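Notes for the one structure printed next.
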Amino acid sequence: MVAFGAMLLASKGLFAKTLYAHGLDHHDVSAIRAVIAVPGFALLAWWGGRITVTPIMANPSLSAYFWAAFAGLLCYYAGALANFYSLTLIDASVERPLLFSYPAVVVLLSALLTRTWPKTSTLGALLITFVGIFGVTGAADASLSISDWRGIGWVMFSSATIAIYFLFSESLTRQLGSGRYTLVAMSTAGAAFALHYQCFSGWDTVNLSARAWLLMLGLVIIATVLPLYIVAEGVRRIGASRAALVSTLGPPAAALMAFEILDETLSQTQWTGMALVIGAVVFIEYRAAVRKNA
C-alpha cells in the first residue's frame, strides 16, 4: 500500500515541471493544488470512516486535532512551498531522491523517542538506500552549480518536514483515522495557502488554460489526494519506520518517469542507484514478512 502511494507521489514533480512550462510559478502550483485538494480529502475521510476495520478512538482529544493541524502546516504548507520552489532549480529526477532522504530522520528520531536503537538490518538497509539515492541524484557524475545547491537545500528542508509528519502520523492516525488526520492536515495547509496566495498574487489573477487545469487536476488527484491518503493509511497499519523505508521506492519511480516523460538524462550511476534503493526496500520487506510469519 505505502509503495503504491509513494510511486503515485513520485509523479508530483512531473506535473509541476509541466505546469511551469505552461507559465505557472511555484506559488501558483503549490497554492492552487492545496486549496482544490481539500474537498477530495473530505470525501476520502468520509469514505474511509465508513469502511474502517481497525479500531479508531471514538472521541479524539482536541490536542490530536491541534497536532494534526500543526503537522499539516509544517509539512504541506512550509515543506510543500519549499519543495515546489526547488523544482524550479533542479530536475524532477534529482528532487525526488533527495526528498526521500527523510526515512533516516524518521528512524533516528523514532530511536531517540523510544530509546531503542534500530536493528542492524534496518541500519544496513538505510545505508544501502542512501548510497543508492546518492547515485540517483547524479552527484557522483558531475559538479553541482550554486543553483543546484540551493535547490538541494530547499528539498532537504522539505524532507525534514516530511520526517516530522511521519512521526506525528503514527500516533495521530490511530486516534483520528488516516482519512480524518489527512483532512485536518491538508485543510490547515489549504487555508494557509489561500491566505498566502491572496497576499502574493491575489486569487482574482488566476487564469489557467484548459490544458493547465487538466494538469492541475492530475496533480491534485493522482499525485496528492490519493497517495497521501494511501500513505497515511499505510503508516497507521505498519508504523512510521517501516512505511518510511517502503516509500523509498518513490525516487527510482520518479527518475524513470522523468526519463520517459521529461527526457531528463539518466547515467549508469543513476540506474545503479535505483537498483540499490529497490533492493534495500525489498530486503526490509522480506525480513518483516519472515518475522511476522515466524
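Only the coordinates and a few stated rules stand behind these numbers; no lab work does. Just so you know, these numbers come straight off a predicted model, no measurement behind them. Note that each Cβ is placed from the backbone with ideal geometry, even for glycine, and that neighbours are counted across all protein chains shown.
A few notes on this one:
- Scoring 117-129, 76-88 by mean Cβ neighbours within 10 Å over their residues and listing the highest first yields 76-88, 117-129.
- Protection proxy ranking, highest mean first, for peptides 90-97, 68-75, 37-44: 90-97, 68-75, 37-44, where packing is the per-residue count of other beta-carbon atoms within 10 Å, averaged.
- Alpha carbon centroid spacing (whole Å) that separates the stretch 91-123 from the stretch 208-228: 29 Å
- Between A78 and S267, the modelled label-to-label distance comes to 3.4 nm, taking each label 7 Å out from Cα in the direction of the beta carbon.
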